[in-house]
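Data first, discussion second: the structure below is written as structure tokens.
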Amino acid sequence: MAKRRASFVCQNCGTTHSKWTGRCDACGAWNSLVEESASGGGALGGPSKGASIQGRAVTLSSLDHVEKPLPRLATGIAELDRVTGGGFVRGSALLVGGDPGIGKSTLLMQVAAGLAGRSARVVYISGEEALGQVRLRAERLGVSQRPVHIASETNLEDILATLDAGDVPDLVVLDSIQTLWSSSVDSAPGTVTQVRSCAQQMIRYAKRTGACVILVGHVTKDGQIAGPRVVEHMVDAVLYFEGDRTHHFRILRGVKNRFGATDEIGVFEMTGGGLQEVGNPSELFLGDRLVETPGSVVFAGLEGTRPILVEIQALVAPSALGTPRRAVVGWDSNRLAMVLAVLEARCGVRFSGHDVYLAVAGGLRLTEPAADLAVAGALVASLTGLSLPASQVYFGEIGLSGAIRSAPQAVLRMKEAARLGFEEAVTAPLAKERDANTGLRLNAHTRLESLVADLAASAAAQKTQGAGAGRDAVPLQAAQ
Ligand code: TYD
Ligand code: MG
């Protein structure tokens, strides 16, 4: 066996250093190096009982072998099954990540109880809570009568011995991977080496027995699963459970899936009796949105790789001040100044006598330039008293020339909007014709002037129909 050698592993990025430094050279994180036993990785190779040094030849196969459809374990929770691509795959390992307190244990207890109620053998092992706490939660969820096998344990060898003692379970939930520790590794629980080793052994268990293993992982402040990305690489699927704890909705998002698509989300609502599926999520996201409000626009945004729909509200009101106010919540004020300037200079829309207030609903902070078009739409709609159709989403970047540029991942944004019940996207023309099949009608504009002219015409039409919300429309002249 190789000589034991201490090494220092960055807990942020997983890079191994031979000596301790205050800052990781690879990722730049400060104070993230922890001493771990380098031979701890030996556990990854598993017990080397009778292993010969000489390798064993494996049979090579061809690609054209017809595979049977994947054996799946449908949970019956439609929002979850959609994200996993039709249910958990037997013999696979899945990681569910999320902030502490977001509802991971709640969701997994509901899943475990649901499957147990349909005669699956389910083992739920909590490393974080005592059995009493797990039972209390089950009682609160109204599932305490379901035949779920529970245990409170953190030692991996004990867990594996327990699992091997009974029939092979259909589903094993380990809550959480950060609390597990293997005796074959010297490091503390939660360190990269422990997390990697425990995850690896559980994945091997899943492959060996055909059980589906779900690992719960906490997410660090920067949104990564602690014990960094190492686990993400190893498992077959990664789901993130996210949402603002002060709001009641939660989104389950697939970020990796070896057995299905990843651009699906599942939406849940946290209630007193656990998580409820939300059949029509747009109601929840944009629920407090007054549909017929002038100055309200839905922006189809992207957070990292994740599409997210947000309401942008603008209020343009006549100002009594010499220098009108410009107040922004959740967006860059310089960017607002730029959009206002382009609207004035290129489209002839004057805001100089008006205070302008702009807010991103829900306390979200947007950094994307693609919000420009939604902001411009909200500003013009508020100025003219125009109520925009509730079925529209806006996205696109506005150049200083007034040109509208498409945003990255336009198709992804539109698919998300279509899934959330929207019908029309106001944006730049799509780069590729074949991308048009997103389920949304495309209302494409290459220049801001043409969008403003459209909005002005709608405002005039609304006004003549007497639907102008009792406000006089401000005349606009779209500059050519
Ligand atoms: P939990 O599943 O323990 O979160 P995690 O495992 O991700 O850390 O959920 C914690 C929160 O959910 C807690 O603050 C209480 C709330 N909750 C409800 O609102 N209703 C419920 O029925 C349950 C079980 C929890
Ligand atoms: Mg928990």
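The values are calculated or read from the model by the stated rules, or taken from the named source; none is laboratory data. Note that the structure is a prediction, hence the values are computed from the model and not measured. No Cβ is skipped: glycine too gets one built from the backbone with ideal geometry, and neighbour counts run over all protein chains shown. Surface accessibility is based on the protein's heavy atoms, side chains included, excluding ligands, DNA and RNA. Shrake-Rupley method; radii C 1.70, N 1.55, O 1.52, S 1.80 Å.
What to note about this one:
- Hey, Val122 more than 14 Å from ligand 1 (Cβ to nearest atom), modelled with pLDDT of 95 or more and more than 23 Å from Phe249 (Cα to Cα) or not: yes
- Across the range 198-206, not a single residue is classified as at pLDDT 90 or above, open to solvent by less than 10 Å² (accessible area, probe 1.4 Å), within 16 Å of ligand 2 (Cβ to nearest atom) and not hydroxyl-bearing (Ser, Thr, Tyr).
- Pairs, first of a type in the set (A, V, I, L, M, F, W, C) in the range 323-340, second open to solvent by less than 60 Å² (accessible area, probe 1.4 Å) and assigned to a loop (DSSP other than H, G, I, E, B), C-beta under 8 Å, six or more apart: Trp331/Leu366; Leu340/Phe351
- Complete set of residues in the range 390-404 that are in a strand (DSSP E or B) and either closer than 21 Å to Glu416 by Cα or in contact with a His (Cβ under 8 Å, 6 or more places away or on another chain) (or both): Gln392, Val393, Tyr394, Glu397, Ile404
- Of the residues making up the range 1-58, those that are open to solvent by 30 Å² or more (accessible area, probe 1.4 Å), under 30 Å from the mean Cα position of the chain (by Cα), at pLDDT 80 or above and of a type in the set (A, V, I, L, M, F, W, C) are Ala26, Cys27, Trp30, Val34.
- Against the criterion of being closer than 30 Å to Arg253 by Cβ, at pLDDT below 95 and outside any helix (DSSP H, G or I), Ala359 qualifies.
- Qualifying residue in the range 110-133 (condition: within 16 Å of ligand 2 (Cβ to nearest atom), open to solvent by 30 Å² or more (accessible area, probe 1.4 Å), polar (S, T, N, Q) and closer than 23 Å to Thr84 by Cβ): yes
- Set Val148, Val168: member being more than 25 Å from Val195 (Cα to Cα) and open to solvent by 20 Å² or more (accessible area, probe 1.4 Å): Val148
- For the range 328-356, a tally of residues being surrounded by fewer than 18 Cβ atoms within 10 Å (Cβ to Cβ) and in a loop (DSSP other than H, G, I, E, B) returns 5.
- Of the residues in the range 427-434, at least one is under 24 Å from Asn334 (Cα atoms) and at pLDDT 90 or above.
- For the range 404-416, the candidate set comprises residues that are open to solvent by less than 30 Å² (accessible area, probe 1.4 Å) and in contact with a helix residue (DSSP H, G or I) (Cβ under 9 Å, 6 or more places away or on another chain); within that set, the residue that is farthest from Pro369 (Cα to Cα) is Met414.
- Among the residues of the range 79-96, those identified as on the phi < 0 side of the Ramachandran plot and either part of a loop (DSSP other than H, G, I, E, B) or within 12 Å of ligand 2 (Cβ to nearest atom) (or both) are Arg90, Ser92, Val96.
- When residues of the range 86-100 are limited to those that are under 16 Å from the mean Cα position of the chain (by Cα) and surrounded by fewer than 21 Cβ atoms within 10 Å (Cβ to Cβ), the one farthest from ligand 1 (Cβ to nearest atom): Asp99
- Matching residues, the range 310-327, being within 28 Å of Arg413 (Cα to Cα), open to solvent by 40 Å² or more (accessible area, probe 1.4 Å) and not polar (S, T, N, Q): Leu315
- Condition check for Ser144: more than 29 Å from the chain's Cα centre (by Cα), on the phi > 0 side of the Ramachandran plot and away from ligand 2 (no atom under 14 Å from the Cβ): no
- Across the range 179-197, the qualifying residues are those that are more than 16 Å from ligand 1 (Cβ to nearest atom) and among the aliphatic types (A, V, I, L, M), and the one among them that is most open to solvent (accessible area, probe 1.4 Å) is Ala188.
- Test: Ser176 is more than 16 Å from ligand 1 (Cβ to nearest atom), touching a residue at least 12 places away in the same chain (Cβ under 8 Å) and closer than 30 Å to Thr16 by Cβ: no
- Filtered residues of the range 125-170 (kept if closer than 18 Å to Gly101 by Cα and of a type in the set (Ser, Thr, Tyr)): Ser126
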